[in-house]
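Contents: one structure, followed by commentary.
Just so it is clear, none of the values below were taken in a lab; they were calculated from the coordinates. These numbers were taken from a predicted model, which means no experiment stands behind them.
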Amino acid sequence: AAFYKMMFPNDPKLVCKKLVIMDIDQRILKQEKALISQLSSDFNIEYVQYDFRDPFPQSFLNKFDTVLTDPPYSTSGAKLFLSRAISALKEDGGKEIYFSYAHRSPERMLEMQQILTEMKVSIMEIIPHMNYYEGAEILGNTTQMFTLITTRQSMPLVKEDVKFEGPIYTGEFNRKTRFYECSECTKTIEVSESSEFHTIEQLKAKGCPYCSKKEKF
């Protein structure tokens, strides 16, 4: 609701009939629901817990006009999430994808452009530093947003009925030893292949082993 009002501030009424919010983490969905309930009651919203690596739900196939997605910042993560976005959109072309992605090197961005070309979607606009994230210093706290438009030839590179088996998180590609400090108890926790937590996502989900607080890193 807040995003729609930001993009279309002069719209006398909200023309969006329904929103579907998907995330793998039930806690994120609860936070979204609490936040949106404070901002607007104009939308019919459905909250769906969904792992984008799983086959796309048939009930949502080719039903939407617009998708907003913020995938893991790897090439395979972008390919997967953009594929699911295309599967969700109606097939007559001219549908919008608002796609957030980290600021990467020219070589990495060329890989991204090649993916978009293979999917046969058009880049209409790139807004640098569009999104701000608390605690994401490694990204400079910001990411860029692509405005993409589908064509009648657009197609997902990961088919809607296929379960994606490959890695998508950056930590799965670059398994170095990292140390994170819990902002609650200030203890330091190791994240590595040989430790209890292999990725920061696992640490956040399970919580600090010292004080049990989650999402505090």
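Quick rundown of the values:
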quantity: Against the rule of thumb 2.2 N^0.38 Å, how large the Cα Rg of the range 150-205 comes out; calculated: 1.70
quantity: Taking all pairs of distinct alpha-carbon atoms in the range 29-164, Kirkwood radius in angstrom; calculated: 15.9
quantity: Computed log₁₀ I(q)/I(0) - Debye formula, equal Cα scatterers, no solvent, the range 23-76, q 0.13, 0.16 Å⁻¹; calculated: -0.42, -0.65
